[in-house]
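The values are calculated or read from the model by the stated rules, or taken from the named source; none is laboratory data. Every value quoted in this text rests on a predicted model; they were computed, and no experiment measured them. Note: ideal-geometry Cβ built from the backbone for every residue, glycine included; neighbour counts use all protein chains shown. Keep in mind that these areas ignore ligands, DNA and RNA; they rest on the heavy atoms of the full protein, side chains included. Shrake-Rupley method; radii C 1.70, N 1.55, O 1.52, S 1.80 Å.
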Amino acid sequence: MTRTAPHRTGTGPAVSTTSVPDHAATLGGESSETLIVVRDVSIWYGPGSAGPVLSGVSFAAKAGEFICLVGPSGCGKSTLLKAIAGFTPIGRGSIRVRGAEVTGPGSDRGMVFQEFALFPWLTVEQNVLFGDKASIGSLPERRERATHYLDLVGLTAYREYHPSQLSGGMRQRVALARAWANQPTVLLMDEPFGALDARTRQELQETLLRIFEKERTLCFFVTHDTSEAVYLADRVVVMHARGATREEVVVGIPRPRDRHCEIVRAHVRDVDRLAWDAK
Amino acid sequence: MSALPLASVLLVIGLWQLAASFMANPQVLPGPVVTSLAAWRLMLDGSLFTDIAASLTRVIEGWLIALAIAIPLGGAMGRSEATRRIFGTLIELVRPIPPIAMVPIAILWFGIGWASQLFIVCYGAFFPMVIGIYDAFRNVDKLYEQAAQSLGVHRVALFRRVVVMAALPSVISSMRIGLGLAFVSLVAAELIAASTGLGALIANARVTFQTDHMLVGMITIGLVGFLLGWIMRKIEAYFLRWR
């Protein structure tokens, strides 16, 4: 187990030392393939707004990475995630996923929302099979797919239930299964466990990592909880106001991680210092 | 009906009997027994059923026509800013005019009879429904749409699979409220401009001083309205059993 010291960069365009070309490789299957390239992105809210919400943000993410985005509220981390999702139009710069410019929402970028956003009129299984890729195939194929992903989140017994019959933690498990069943290039998660109690949150973090270890889908996870970020991520990106100053902590600790061990706590202290001191 | 609602209904009937006994003038206030006998006679000669059928037919027809306009218009207003701006103010301006105020002009335009009644019923049901349906579609949670888009479901499929389903509960409540108001408007129309129907039964009884018939008409209106609401709630519960 090696602890990587916090890697600091200035306000320059690239955050990571492993700067990558913006025309990301289009070949599939390669584990080190660059999937997301955010280049010099600035976002303004409304015509009368004083300054940009995000200003000149750049970074890249590779296949198989788990990246957490932390920072104080209003730093623009959620805005950046929504921009990648295609919900928020960007004012300047570009976002590319597998080389294709993001112009709107699409199923290559799966979303998990803090409010779960399950469709209450559908059963758990119907929710999981809602997506364009999850819903293709014959009935037995779809049932098998639903079983596979519900099994990953431990909810196979609840396939005929409606979301209203489930607890908050279970609903978010269904949302994870639904997002994963559609096999996105990247999974975007906007404080997905923020509305859950501490115990449930830990369970969900473990479930999330279990699926991640199995499927190795690039994950983008926004949170304001720095210990959650260190527990989950390969890389923790710390954002400050408008995304102007960003630092990054590489967490090289193998999983499963012990939340309470000194090395994990040392990383949390590093991230905390970067997040709260350097305002 | 469970015990408590039944008890309250029975209590009112008891008080009614008491008041009628004190009054001792069936021309002013016939008691429940006298009224029941009158209802029985009206059932035997079939005229009560003819009136109920006439009223219900008009209500359903008018309500369906209003619905056929309110769903596409309300839906379009809820989803498009332009449609909202074209029709919104117009609807808010006409809406405060009560159905009863439309009766004279309806008679002028359509004469006394079926067309007038249909117009009044339709008018009475339309505005609450179009506004309710507009709200239902406008208030569809954006989160559902974002979730669907991130799952590769867009445009027509998104509308059909998400927007319509999310709006459905409020749309069905609006339909129920609309049906209730269609019924209220119908009685208003029948009081003035009809020879059959429950409103006409009351209006005719006034002319012939048959107060018991008047009460039969009023109570039947209450019962039929109650039944319509009950049926709509059952339909609502069936469609929304996921809640």
- Calculate how many DSSP beta bridges within the protein assembly as shown are antiparallel, expressed in % of all such bridges and rounded to the nearest 5. 55 percent
- A:Gln202-B:Leu4 FRET efficiency (beta carbon distance; Förster radius 60 Å; 0.05 resolution): 0.80
- Nitroxide proxy distance, nm - points 7 Å out along Cα→Cβ at B:Arg85 and B:Trp16: 5.5 nm
- Query: Once the Cα atoms of helix B:164-193 and of chain B are each reduced to a long axis, what angle between those two axes, in degrees from 0 to 90 to the nearest 10, is obtained?
  - Reply: 30 degrees
- Projected onto the charge dipole of the protein assembly as shown (+1 at Lys/Arg Cβ, -1 at Asp/Glu Cβ, origin at the Cα centre), which of A:Phe87, B:Phe127, B:Ala188 gives the Cα projection farthest towards the positive end? A:Phe87
- Query: Expressed as a fraction of 2.2 N^0.38 Å, the rule-of-thumb size for a compact globular protein of N residues, what is the C-alpha radius of gyration of segment A:92-187?
  - Reply: 1.14
- Peptide ranges B:91-98, B:135-142, A:177-184 listed from the most packed, as the mean C-beta count within 10 angstrom indicates: A:177-184, B:135-142, B:91-98
- Message: At 20 °C and a viscosity of 1.002 mPa s, what translational diffusion coefficient does Stokes-Einstein give for chain A, taking Rh as the Kirkwood radius over Cα pairs? Give it in µm²/s as a whole number.
- Response: 111 µm²/s
- Query: Shape of segment A:85-147 from its Cα gyration tensor (a ≥ b ≥ c, root eigenvalues): rounded if a/c is under 1.5, otherwise prolate when a/b > b/c, or oblate?
  - Reply: oblate
- Note on the structure: Projected area averaged over all directions for the convex hull of the alpha carbon atoms of segment A:144-269, nm², comes out at 8.7 nm²
- Rg/Rg_ref, the protein assembly as shown, where Rg_ref = 2.2 N^0.38 Å and atoms are Cα: 1.36
- Message: Can you give me the Rg/Rh ratio for segment B:1-135, using Cα atoms for both radii and the Kirkwood formula for Rh?
- Response: 1.15
- Message: Explain nothing, just the number: relative contact order of chain A, from Cα pairs under 8 Å at least 6 residues apart, as a whole percent.
- Response: 27 percent
- Task: Mind running the shape call on segment A:138-192? Use the C-alpha gyration tensor, a ≥ b ≥ c as the square roots of the eigenvalues: rounded below 1.5 for a/c, prolate if a/b tops b/c, oblate otherwise.
- Result: oblate
- Acute angle (nearest 10 degrees) that the helix B:32-44 long axis makes with the longest principal axis of chain B, alpha-carbon atoms: 80 degrees
- Message: For chain B, take the longest principal axis of its alpha carbons; what is the angle in degrees between that and the long axis of helix B:114-138, to the nearest 10 within 0 to 90?
- Response: 40 degrees
- Whenever you get a sec, compute what percent of the accessible area on segment B:31-239 sits on carbon and sulfur atoms (1.4 Å probe). 72 percent
- Item | A:Ser164 versus B:Ile219: modelled label distance in nm, points set 7 Å from Cα along the beta carbon direction | 3.7 nm
- Note on the structure: Expected integer from the mean partner chain Cβ neighbour count at 10 Å over A:130-138 is 3
- Note on the structure: Residue separation between B:Arg138 and B:Leu37 times 0.36 nm, minus their alpha-carbon distance, gives in nm 31.2 nm
- Item | Span from the segment A:50-129 Cα centroid across to the segment B:126-174 one, whole angstrom | 23 Å
- Cα-based Rg / Dmax (Å) for chain B: 22.0, 75
- R0 = 22 Å: FRET efficiency of A:Ser73 with A:Ser227, Cβ-based, nearest 0.05? 0.80
- Message: As a test of the formula, what do you get for the protein assembly as shown when each DSSP H run with n ≥ 4 contributes -39,500 (n - 2.57) and the sum is divided by the residue count, at 222 nm and rounded to the nearest 500 deg cm²/dmol?
- Response: -17000 deg cm²/dmol
- Ranked output for segments A:68-81, B:62-75 by mean other Cβ atoms within 10 Å, highest leading, reads A:68-81, B:62-75
- Message: List, by residue number, every residue in segment A:85-108 with a reduction of 40 Å² or greater in accessible area between the chain on its own and the complete protein assembly, 1.4 Å probe.
- Response: A:Phe87, A:Pro105
- Mean Kyte-Doolittle of at least 0.5 plus a Cα span of 27 Å or more along the axis: flag which DSSP H helices in chain A meet both, please. none
- Note on the structure: Quick calc, B:Ser195 & B:Arg160: beta-carbon distance into FRET formula, R0 60 Å, rounding 0.05, result 0.85
- Note on the structure: Here, A:Glu213 and B:Val207, labelled 7 Å along Cα→Cβ, have an inter-label distance in nm of 8.8 nm
- Return one whole number: the accessible area per residue of chain B in Å², for a 1.4 Å probe. 54 Å²
